[in-house]
Amino acid sequence: MTEFLTQASQFSNYMVFPKFLLNREALSETAKILYMILLNRARLSQKNDGWTDEKGHVFIYFPITALAETLHKSEMTVKTALNALEKEQLISRKRQGIGLPNRIYVKYPADTGLTDRKLSTKEKEICPSERQKTVCQTDTKLSCNKNESNKTKEISEKSKERTAYGAYHNVFLNMGELTELQSEIPDYQEYIEKLSSYMVSTGRQYQNHAATIRSWALRDRPALSKRNYECKEDESL
């Protein structure tokens, strides 16, 4: 079932399609969509700690099998698209060892975003863009207040939305859960990857992934040694 687009329509999940891809004739449509998926994952890594190397470069893990499932394409098609992106210097792959997924670095042209002329606030008010109606300052303020209110509401709603993490894109956590895991479990990322691989290899599913990770971390903590309150004959308590 579909709906008509209105001014109140909201999109909870979306990906950014970079404009510069339109001019990359050497890339197939599959390669362009693949880059969009990799960029979306990289933007998630950009917002979280532990996904940068010693040079500060953001990286991701995305196995070919998972990419093929996400794109609904064969693994050979995905490999061809990855090679094309690497040839265009839009990604860089680094091997991690036998049986381990490659570390993928998503890159972008250095001049991206520098082609549009930037106008000051005053210029924007005096020189509206083509086909844009002039709005009085009172209407502008009311519109801004409404936009700020909608933005606050949108941020509140998004904070409750769960985002996919892990090498197989199957561990779902919202921002609150992720923040709590970061503060409680120093090696929380290892547990995310462990849960991601475990669910794929066993086919098991869990109702709450944050609770599962917290349970595993508590289980792995060394048990506290029992205190000995006994004393020798010549000692006093």
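Taking the range 153-202 as the range and being hydrophobic (A, V, I, L, M, F, W, C), farther than 21 Å from Ala68 by Cβ and modelled with pLDDT of 85 or more as the test, the residues that pass are Leu173, Leu181, Ile185, Ile192, Leu195. For beta carbons closer than 8 Å, sequence separation of 6+ or different chains, a first residue in the range 39-60 that is closer than 18 Å to Gln89 by Cα and a second that is among the acidic types (Asp, Glu), the qualifying pairs are Phe59/Asp53.
Among the residues of the range 102-127, the ones that are at pLDDT 50 or above, out of contact with any helix residue (DSSP H, G or I) (no Cβ under 8 Å at 6 or more places or on another chain), open to solvent by less than 90 Å² (accessible area, probe 1.4 Å) and in a loop (DSSP other than H, G, I, E, B) come to 3 in all.
Report, by residue number, each residue of the range 66-95 that is open to solvent by 60 Å² or more (accessible area, probe 1.4 Å), out of contact with any helix residue (DSSP H, G or I) (no Cβ under 8 Å at 6 or more places or on another chain) and within 23 Å of Val200 (Cα to Cα). Result: Glu69, His72, Met76, Arg95.
The values are calculated or read from the model by the stated rules, or taken from the named source; none is laboratory data. The shown structure was predicted, so the numbers you read here are calculated from the model rather than taken from an experiment. In this analysis, Cβ positions are derived from the backbone assuming ideal geometry, glycine residues included, and neighbour counts consider all displayed protein chains. Note: accessible area is taken over every heavy atom of the protein model, side chains too, but ligands, DNA and RNA are not part of it. Shrake-Rupley method; radii C 1.70, N 1.55, O 1.52, S 1.80 Å.
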